[in-house]
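The values are calculated or read from the model by the stated rules, or taken from the named source; none is laboratory data. All of these numbers come straight from a predicted model, not from anything done at the bench. Every residue, glycine among them, receives a Cβ derived from its backbone with ideal geometry; neighbour counts consider all protein chains shown. Only protein heavy atoms, including side chains, enter the accessible area calculation; ligands, DNA and RNA are left aside. Shrake-Rupley method; radii C 1.70, N 1.55, O 1.52, S 1.80 Å.
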Amino acid sequence: MKKDAYSWMGRSLDTIHRANWYRSVKAIAGRPGPIITINGRKMLNFASNDYLGLAGDDRLVEAAVAATRELGTGSTGSRLLTGHRELHRQLELAIADLKGTEDAIAFSSGYLANIGTISAIVGGRDLILSDEYNHSSLKMGAKLSSAAVLDYRHGDIDHLKTLLDGHRSRYRRALILTDTLFSMDGDLCPLPRLAALAVAFECMLLVDEAHATGVFGETGAGCVEYFGLTGTPLLQMGTLSKALGSLGGYVAASAEAIDFLRNRAPSWIYTTGLTPADTAAALAAINIVREEPERRAKLWENVAFLKELLGDRAEQIGDSDSPIFCYFVQDAATALQVGNKLQERGIFAPAIRPPTVNTSRIRISLMATHQLDQIRQLVEVLKTLR
Ligand SMILES: *Cc1c(COP(=O)(O)O)cnc(C)c1O
């Protein structure tokens, strides 16, 4: 009898269900904000990456609508063919200006920025050193590049140095990859020490500022600015889809590095340029980041307020010096139960389980637009859990 070539998918799904790893989507109604509607029910939203509350901001909406009216809905082609608009260049110059780099290049998503950049700058004769907790897009880029990949223990500079001592000399180029603010743990990479090691071992350093841009640093430029490393030789990537409330990704670096990527990054060359709407919304967001530092200040005020309310429980909940907090639980099944309990009590904060992370948790993220009272409500509900 002939076997069905696709039947393995059903079996694989069964395994995923049994492990409590199964995932599905939930439709959220209306504009993003601290209160969202799921299944007709209003809930407090502690699950968003919209840290500055810009994704529902009228100014971004208006910018997107105006750009769509003027330039249409699609950019119709690759940036190198018919897809390049003056608006794209304005956005790239605004990103470079924010990051303090010579130039920047906008990709159609952060994921595409990482896989395209990494696979363009290293190859089979090269070495990648990657923090074990790095985002999927960094790991996938490393895989696609066909470079040798060594993971170092999370944030462990000594381990990284040992790996460099043992392996660096056998390879042509080397590249260190790290998130700056780790998306699922809320902690920072030891960037100054990473940068020093990169120089000492002649390695390139690509930092992923997806969660830090708009959040960290005096002007909201990210962790590079926070650590006083603006202007040092780095490849800084990030996304337009988190604090900037739009869609797209970017790399900011020297003019030469950006020119190289325009010629060599396949996920930029062979994909359609950002839509006018996404581009204009991101540009409006960068202007707001620059002109309204009080939004960032309010976000940090909210972080401080949550920590203060948690008090002794901060340890249990996972102390954090960022807008990302973790409530650790023993396994995936418990994470789902706790996530459901929170939802019953009007709090939306998702269970994060393997394979996204090794240890299951509820991830809580704060926004500048949360009211103190909403954070108080979150803590009241958290206190009933244990
Ligand atoms: C979200 C994210 C990305 C991908 O960005 P998108 O624009 O959503 O594709 C890359 N790196 C990190 C650390 C992220 O959190």
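Key figures for this structure:
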{"quantity": "Subset tally (residues that are away from the ligand (no atom under 12 Å from the Cβ) and assigned to a strand (DSSP E or B)) for segment 207-235", "calculated": "1"}
{"quantity": "Breaking point among (1) more than 26 Å from Tyr226 (Cβ to Cβ); (2) more than 16 Å from the ligand (Cβ to nearest atom), for Leu98", "calculated": "(1)"}
{"quantity": "Strands (runs of 3 or more DSSP E) within segment 1-113 that include 2 or more residues not assigned by TED's automatic domain parsing to the domain that holds Leu144", "calculated": "35-38, 41-45"}
{"quantity": "The listed residue being within 12 Å of the ligand (Cβ to nearest atom) and either buried (at least 24 other Cβ atoms within 10 Å of the Cβ) or assigned by TED's automatic domain parsing to the domain that holds Ser78 (or both), out of Ser254, Ser246", "calculated": "Ser246"}
{"quantity": "Qualifying residue in segment 356-373 (condition: over 21 Å from Lys26 (Cα atoms) and part of a helix (DSSP H, G or I))", "calculated": "yes"}
{"quantity": "Test result for Asp50, charged (D, E, K, R) and free of Cβ contacts under 8 Å to residues at least 24 places away in the same chain", "calculated": "no"}
{"quantity": "Unmet requirement for Gly110, which otherwise passes all of (1) touching a residue at least 60 places away in the same chain (Cβ under 8 Å); (2) away from the ligand (no atom under 12 Å from the Cβ); (3) surrounded by 20 or more Cβ atoms within 10 Å (Cβ to Cβ)", "calculated": "(2)"}
{"quantity": "Candidates Leu98, Leu81, Leu13, Leu93, filtered to the one that is without any contact (Cβ under 8 Å) to a residue 12 or more places away in the chain and either under 30 Å from Trp300 (Cβ atoms) or aromatic (Phe, Trp, Tyr) (or both)", "calculated": "Leu93"}
{"quantity": "Residue that is at pLDDT 95 or above and over 24 Å from Ala212 (Cα atoms), where the choices are Pro293, Pro276", "calculated": "Pro276"}
{"quantity": "Given (1) modelled with pLDDT of 90 or more; (2) open to solvent by less than 10 Å² (accessible area, probe 1.4 Å); (3) in contact with a Leu (Cβ under 9 Å, 6 or more places away or on another chain), number of the condition Ser320 does not satisfy", "calculated": "(1)"}
{"quantity": "Test result for Asp259, open to solvent by 40 Å² or more (accessible area, probe 1.4 Å), out of contact with any strand residue (DSSP E or B) (no Cβ under 9 Å at 6 or more places or on another chain) and farther than 30 Å from Leu54 by Cα", "calculated": "no"}
{"quantity": "Residue among Tyr133, Tyr171, Tyr152 that is touching a residue at least 12 places away in the same chain (Cβ under 8 Å) and within 16 Å of the ligand (Cβ to nearest atom)", "calculated": "Tyr133"}
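Residue by residue, here is whether (1) at pLDDT 95 or above; (2) more than 16 Å from the ligand (Cβ to nearest atom) holds:
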residue	(1), (2)
Met9	yes, yes
Asn20	no, yes
Val25	no, no
Pro34	yes, yes
Leu44	yes, yes
Asn49	yes, no
Leu52	yes, no
Ala55	yes, no
Gly72	yes, yes
